[in-house]
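> Below is the structure I would like to discuss, written out as structure tokens.
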Amino acid sequence: MCGRVYFTFLAFVFVSSSVFSVVALSKSNHKFLEKIVSRADETVKSIESLFHKKVANDSNAAQPKQWAVLVAGSNGYYNYRHQADICHAYQVLRRHGIPADNIITLMYDDIANSTENPTKGVIINEPNGENVYEGVRKDYVGKDVTPETFLKVISGDIRGLRGVGSGRVLLSGPADNIFINFVDHGAPGLLAFPNAELHARTFLDTLLDMYHRKQFAKLVLYIEACESGSMFEDLLSDNLNIFVTTAANAHEHSFACYFDSNRDTYLGDVYSVTWMQDSEKEDLTKETLFRQFSIVRKETNTSHVQEYGDLSIGKMKVGEFQGKAKAPVASNGRTRVSPLLDAVPSGDVPLAILRHKLLRSNSSPESADIQRKLRRIEKKRQHLKDTLRKIVLKATEDEAKTEFILTGRLKLTNFSCYEEIVHAFSQRCFHLPKNEYAYRHLFVLVNMCQSSIPKEVIIRSMDEVCHPHKYTGII
């Protein structure tokens, strides 16, 4: 209504000025005046037509949309499964009708064409599976896969990503639903990226900002990582319209699955494979999030699948986040294998791969080489554990307390201490992204902080034990 009045007023001004001009020229030129009035009326109708078209377009734009952000936070061929999970997730969403323009993908993209991959350009996520890599739109790859990029993507920071990757970010609004799927290694209170870590408080602060800026109606996160429950346990409020499920609780491993003897790596992760296989066979316009969670929790008996946040969102249909189109699974006549048959803890994957190779070895020299690699990994791991013991003992000067800190599992609440000493440990002792085995022992740093050991004492102990040594390749 306001628009009509505004445009009518413009037309009135136009007509009035024309009339006065005409009167000034010739009061008798009525036909010319009538032509001007007629043309002004046509102008009003034309402007109103454009206005109504714009309102219609704006109305369509206001229709609820579905957005997705998919993140594989690792690199290295032995971590094949993480990018395979994310590529598979992309295919699931596309087949259920989520537009490619509404899916943003972050993955290092060093697997499909790796020299170790015997099927170049092909990634599969299950035995005899389809090529899930085909058609995946990769927005951020290589060095652009960082916590900062991820947070800017979900918070809609276009300016912050200018000149980085595709530059695409979430353009969601208050009526839209968002689905985020993250897959990689984890540790207490953090998720790993190829060259850095995303801490729980930083992540939750961004989610809170998104909530206050009304960037979504509902937001669902599926997180595949060891100790992933620690990112949300007693941290995520239940009144932010956010629902989370995680592959593991706050202190246990997630599990890899589907070892492929041709590719010499694990193809998937139990939690991820399970939810995607469920999405491929169910009618997502009928299945609820809680129903899918219950199925995944029951079938993922290798770890304790958890849920956090606003649990009432579990009553919503999966299709509200993963797409509503019916999409029959492209089985290609294959019979699916249970991911539980050969599941191994995520942190044991490098050793498990070598042991599989050893079992298949047909020559003594090859077997000897594999055994040397196994011993080397074990030796490096032991060195890391020995170093941690020295750090703790130097900080506590107490054998009994040292033993407790090295074996106990205290709940992380002192985040300011923990975040600082994780950074110090990565800088001074073992650069975490290059020594992934270290993630499995960050609970020791949690215990030190929770035991009220001053962080200055902890860092000084690191300096004395580690400096100036640097280690890499402890996997």
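> Which shape class applies to segment 258-382: rounded if a/c is under 1.5, otherwise prolate when a/b exceeds b/c and oblate if not, where a ≥ b ≥ c are the square roots of the Cα gyration tensor eigenvalues? Don't jump to the answer; show the numbers that get you there.
Values: a/c = 4.06, a/b = 2.08, b/c = 1.95.
Since a/c reaches 1.5 and a/b is larger than b/c, the shape of segment 258-382 is classed as prolate.
> Here's a follow-up. Please enumerate, by chain and number, the aspartates and glutamates with C-alpha under 15 Å from the C-alpha of residue 286, excluding those fewer than 8 residues away in the same chain.
Filter leaves 278, 320.
> Could you check the simple spin-label distance between residue 383 and residue 63, using points 7 Å along Cα→Cβ, in nm with one decimal?
6.0 nm
> Which chymotrypsin sites (Phe, Trp or Tyr not before Pro) from segment 94-166 combine a DSSP loop assignment with at most 11 other Cβ atoms within 10 Å?
Of the chymotrypsin sites (Phe, Trp or Tyr not before Pro), not one in the loops of segment 94-166 has a Cβ with at most 11 other Cβ atoms within 10 Å.
> Please enumerate, by chain and number, the aspartates and glutamates with C-alpha under 18 Å from the C-alpha of residue 455, excluding those fewer than 8 residues away in the same chain.
Output for residue 455: 397, 398, 419, 420, 463, 464.
> Using +1 on the beta carbon of Lys and Arg, -1 on that of Asp and Glu, and nothing else charged, what's the dipole of segment 162-321 about the Cα centre, debye to 20? Walk me through the numbers on the way to the answer.
On the way: 14 positive and 23 negative charges, 114 e Å.
For segment 162-321, the charge dipole is close to 540 debye.
> What's the ranking of 404-411, 262-269 by average number of surrounding C-beta atoms within 10 Å, highest first? Present the calculation step by step, with values, prior to reporting the outcome.
Details: 404-411: 15.5, 262-269: 23.1.
Output ranking for 404-411, 262-269: 262-269, 404-411.
> Still on this structure, I have one more. Could you give the length gained by full extension between residue 113 and residue 249, i.e. 0.36 nm per residue of separation minus their alpha carbon distance, to one decimal place? Don't skip to the answer; put the middle values down first.
Numbers: separation 136, 0.36 × 136 = 48.96 nm, distance 3.41 nm.
Full extension from residue 113 to residue 249 adds 45.6 nm.
> Okay, moving on. Using 0.36 nm per residue, how much length does the chain from residue 298 to residue 131 gain when fully extended, once their Cα-Cα distance is taken away?
57.3 nm
> Here is a further query. Please grab the % of Cα pairs in segment 55-214 that end up more than 27 Å from each other.
On the way: 3183 of 12720 pairs.
Summing the P(r) of segment 55-214 above 27 Å gives 25 percent of all pairs.
> Going through segment 168-216, which trypsin sites (Lys or Arg not before Pro) have at most 13 other Cβ atoms within 10 Å and a DSSP loop state?
213, 214
> Could you pull out the pairs from 138/326; 380/434; 390/411; 65/218; 138/281 whose alpha carbons sit more than 19 Å apart here?
On the way: 138/326 25 Å; 380/434 13 Å; 390/411 23 Å; 65/218 11 Å; 138/281 26 Å.
The answer is 138/326; 390/411; 138/281.
> While we're looking at this one, here's another question. Quote to one decimal, in nm, the extra length available between residue 205 and residue 315 on full extension: 0.36 nm per residue of separation minus the C-alpha distance between them.
37.0 nm
> Same structure again: Taking the Cβ-Cβ separation of residue 368 and residue 157 as r and a Förster radius of 45 Å, what is the calculated FRET efficiency to the nearest 0.05?
0.30
> If I take R0 = 25 Å and measure r between the Cβ atoms of residue 400 and residue 423 in this structure, what FRET efficiency does the formula 1/(1 + (r/R0)^6) give, to the nearest 0.05?
The formula returns an efficiency of 0.30 here.
> How many angstrom lie between the C-alpha centres of segment 240-256 and segment 139-172?
Here the two parts' Cα centres lie 24 Å apart.
> Take residue 217 and residue 390, extend 7 Å from each Cα along the Cα→Cβ direction, and tell me the distance between the two endpoints in nm.
If labels sit at residue 217 and residue 390, their model points lie 5.9 nm apart.
> Treating cross-link reach as a plain straight distance, find the aspartates and glutamates whose alpha-carbon is under 15 Å from the alpha-carbon of residue 385, omitting any fewer than eight places away in the same chain.
Hits, sequence-local ones excluded: 403, 436.
> So with the 1.4 Å probe, I'd like the accessible area per residue for the chain, rounded to whole Å².
I get 46 Å² per residue for this part.
> What is the percent carbon and sulfur in the accessible area of the chain, measuring with a 1.4 Å probe over the protein chains and ignoring ligands?
The computed percentage sits at 53.
> Which entry in (i) 28.4; (ii) 23.8; (iii) 25.1 matches Kirkwood radius over Cα pairs in Å derived from the coordinates of this structure?
Entry (iii).
> Same structure, new question: Name the residues whose placed amide hydrogens come within less than 5 Å of the amide hydrogen of residue 180, ignoring near sequence neighbours (fewer than 5 apart) on the same chain.
69, 220, 221, 222
> Output the relative contact order of segment 235-310, whole-number percent, from Cα pairs under 8 angstrom with separation of 6+ residues.
Reported as a whole number, the value is 52 percent.
> For the pair residue 262 and residue 326, what calculated FRET efficiency results from E = 1/(1 + (r/R0)^6), where r is the Cβ-Cβ distance and R0 = 41 Å, to the nearest 0.05? Provide the component values of the computation, followed by the final result.
Numbers: r = 33 Å, r/R0 = 0.81.
Using R0 = 41 Å, I get an efficiency of 0.80.
The values are calculated or read from the model by the stated rules, or taken from the named source; none is laboratory data. Since the model is a prediction, treat every value here as computed from it, not as a measurement. For neighbour counting, all protein chains shown are included, and Cβ atoms are generated from backbone atoms with ideal geometry for every residue, glycine included. Note: accessible area is taken over every heavy atom of the protein model, side chains too, but ligands, DNA and RNA are not part of it. Shrake-Rupley method; radii C 1.70, N 1.55, O 1.52, S 1.80 Å.
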